[in-house]
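One structure is given here, and the rest of the page talks about it.
The values are calculated or read from the model by the stated rules, or taken from the named source; none is laboratory data. Since the model is a prediction, treat every value here as computed from it, not as a measurement. Here Cβ is always computed from backbone atoms with ideal geometry, including for glycine, and neighbour counts include all displayed protein chains. Ligands, DNA and RNA are stripped out before the accessible areas are found, and what is left, the full protein with its side chains, is counted by its heavy atoms. Shrake-Rupley method; radii C 1.70, N 1.55, O 1.52, S 1.80 Å.
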Amino acid sequence: MHLTRHAEALAVLADPRYVPPPVRQDAPEGTLAWLRAHVSRFSSGAEHAARRRSVVERLAALDPVRLRADARRATLERAGDWRGVPTRVLGAALGVADTAPVAAAAAGYLSGEESPQRDAAVAALLDRADLPAVTLLLQAHDATETLIANALPRLAGHDDVEAVLRETLRHDPPVKVLRRLDLRDEEEVTLDVVAANRDPDVFPDPGRFDPARGDGPHLTFGAGLRPCPAPAYALALAAGVLEGLRAGERP
């Protein structure tokens, strides 16, 4: 089933009968598949609650204002070469000095596509950080960089970086679909985030990019029972990078 309307997607996200599709549970410890079997994103029930709680506890020690300032400064120091900045800044805040393996591990985090290189990257990260920190780094890496890349072409002519980012989240979300399994009949349901975020019943003139629209009820960070625990942190990192890029362009 493929759902495109906002109300339908929201109902699924709020219903405990819909859970993430199962992932492999028999992988050797320290591999990508093992990691996916032990993080909150791909679990449900009590396991999900406990794993999510550990991630939220790690986030509570971080300051979005500091993350934003550090991302801005790092972008300026790198003369606009911003790729990797959000991950390095987040890693430093989590006490992970070397985040070089994150990109390779993140490449298979959502898809589950395994490879020796991805397994090695996961093993290297687990040697350097605990599971909640690794979870945060992998979930943030691709999504935050894609958000920044999507927002950059929209930045010209707009003074409010946060407004541009919020509308980018609605108009061009980094994650295009969410998948759930209906426990009643084992049917997989695909939630089309792009279509739901442009539902005309919720967003007037939905195809128009309008930063003045405000922080509406887009589904980019999920909703219901399993919302993303870190939207403020992702926005802080992205805003810091964009501010650094804008400051670096000034004479």
Return the whole-Å distance between the Cα centroid of region 186-222 and the Cα centroid of region 80-154.
-> 26 Å
What are the GluC sites (Glu not before Pro) within region 185-246 that DSSP puts in a loop, where the Cβ has at most 14 other Cβ atoms within 10 Å?
-> E186
So for the chain: antiparallel DSSP bridges make up what percent, rounded to the nearest 5?
-> 80 percent
Most mobile of R179, R118, R24 per a Gaussian network model of the chain (Cα springs, under 10 Å)?
-> R24
Mean residue ellipticity at 222 nm from the helices of the chain, using -39,500 (n - 2.57) per DSSP H segment of n ≥ 4 over the full residue count, to the nearest 500 deg cm²/dmol?
-> -15500 deg cm²/dmol
Looking at the square roots a ≥ b ≥ c of the eigenvalues of the Cα gyration tensor of region 133-202, which shape do they give, rounded for a/c under 1.5, prolate if a/b is larger than b/c, or oblate?
-> oblate
With +1 at each Lys and Arg Cβ and -1 at each Asp and Glu Cβ, the charge dipole magnitude of region 90-156 around its Cα centre, to the nearest 20 debye, comes out at 260 debye
Taking just the C-alpha trace of region 85-191, give me its Rg and Dmax in Å.
-> 16.5, 50
Rounded to whole Å and sorted largest first, what semi-axes of the equivalent ellipsoid does the C-alpha gyration tensor of region 1-159 yield via the square root of 5 times each eigenvalue?
-> 27, 22, 16
If you take the charge dipole of the chain about its Cα centre, with +1 on Lys and Arg Cβ and -1 on Asp and Glu Cβ, which of A79, A103, A149 is farthest toward its positive end?
-> A79
Contact order relative to length for region 1-137, counting C-alpha pairs under 8 Å separated by 6 or more residues, stands in percent at 25 percent
May I have the pair-distance distribution P(r) for region 107-251, computed from all Cα-Cα distances with 10 Å bins from 0 and rounded to whole percent?
-> 10, 34, 32, 19, 5, 0, 0
The relative contact order of the chain, taking Cα pairs under 8 Å that sit 6 or more residues apart, comes to a percentage of 31 percent
Any chance you could look up the accessible area of H48 with a 1.4 Å probe, heavy atoms only, rounded to 10 Å²?
-> 20 Å²
Going from most exposed to least, what order do D182, D26 have by accessible area with a 1.4 Å probe?
-> D26, D182
Kindly identify region 15-54 as rounded, prolate or oblate by the Cα gyration tensor criterion: order the square roots of the eigenvalues as a ≥ b ≥ c, call it rounded if a/c is under 1.5, otherwise compare a/b with b/c, prolate if a/b is larger, else oblate.
-> oblate
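Can you give the FRET efficiency to the nearest 0.05 for R5 and D127, using r as the Cβ-Cβ distance and R₀ = 41 Å? Display every interim value, and only then the final one.
On the way: r = 45 Å, r/R0 = 1.10.
Computed FRET efficiency for R5 and D127: 0.35.
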Convert 25 °C to kelvin, take the viscosity as 0.890 mPa s, use the Kirkwood radius over C-alpha pairs of region 173-220 as Rh, and evaluate the Stokes-Einstein diffusion coefficient in µm²/s, rounded to a whole number.
-> 201 µm²/s
Ellipsoid equivalent to region 40-111 - semi-axes via the Cα gyration tensor, in Å = 27, 16, 9
Overall dimensions of region 78-144 as given by Cα atoms, namely Rg and Dmax in Å = 11.4, 35
Per its Cα gyration tensor (rounded if a/c is under 1.5, else prolate when a/b beats b/c, else oblate), region 203-251 is best filed as oblate
Once normalised by the length of region 121-251, the mean sequence separation of its alpha carbon contacts under 8 Å that are 6 or more apart gives a contact order in percent of 25 percent
